[in-house]
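Enquirer: Quick one: the structure is below, questions incoming.
The values are calculated or read from the model by the stated rules, or taken from the named source; none is laboratory data. Since we're looking at a predicted model, the values are computed, not measured. Backbone-built Cβ (ideal geometry, glycine too); neighbour counts: all protein chains shown.
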Ligand SMILES: [Zn+2]
């Protein structure tokens, strides 16, 4: 298996961990980093796992959904009120868990099918690493 990595850095967005018994229950932001590890058994004709110049669809998805967004857990008890305020105050994005670990797993479920489709199933994503800031990170791996 061959792998390569692509990182997206300093993506500002907020989240709230409503189950947390401390300050993480409050909406707060980080400058996040996302590192995707791509894997394949056979490279393309250029000898690449993926052509980094042809990953604009991933950056576009990040810009549309995460950049300057506010992430919440799908079971956030304030979901209805948050949706009332959404649009003019913030850009909401709901996912099963907006922890770093949850985001890593969620982004794998979003990006892996996109990458497989773009590469005719030659390439898959074997790891998603999420950096909340320069000190804290989480990783979801498959395989
Ligand atoms: Zn946080």
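Enquirer: Keeping to the range 106-118, report how many residues are closer than 18 Å to residue 71 by Cβ, surrounded by fewer than 19 Cβ atoms within 10 Å (Cβ to Cβ) and touching a residue at least 24 places away in the same chain (Cβ under 8 Å).
Expert: 1
Enquirer: Identify all residues within the range 16-31 that are in contact with a helix residue (DSSP H, G or I) (Cβ under 8 Å, 6 or more places away or on another chain) and not in a loop (DSSP other than H, G, I, E, B); write none if there are none.
Expert: Scanning the range 16-31 gives a single hit, 16.
Enquirer: In the range 19-52, which residues are more than 16 Å from residue 65 (Cα to Cα) and crowded, with 17+ Cβ neighbours inside 10 Å?
Expert: Those that are more than 16 Å from residue 65 (Cα to Cα) and crowded, with 17+ Cβ neighbours inside 10 Å: 35, 36, 37, 38, 39, 40, 49, 50.
Enquirer: If you don't mind, there's one more thing I want to ask. Could you look through the range 32-65, keep only residues that are without any contact (Cβ under 8 Å) to a residue 24 or more places away in the chain and in a loop (DSSP other than H, G, I, E, B), and pick out the one that is nearest to the ligand (Cβ to nearest atom)?
Expert: Filtering first and then ranking leaves 51.
Enquirer: Only one of 121, 80 is surrounded by fewer than 16 Cβ atoms within 10 Å (Cβ to Cβ) and either modelled with pLDDT of 95 or more or within 16 Å of the ligand (Cβ to nearest atom) (or both). Can you tell me which?
Expert: 121
Enquirer: Given (1) in a strand (DSSP E or B); (2) within 17 Å of residue 133 (Cβ to Cβ); (3) away from the ligand (no atom under 15 Å from the Cβ), where does residue 92 come up short, assuming only one miss?
Expert: So residue 92 meets the others, but not (2).
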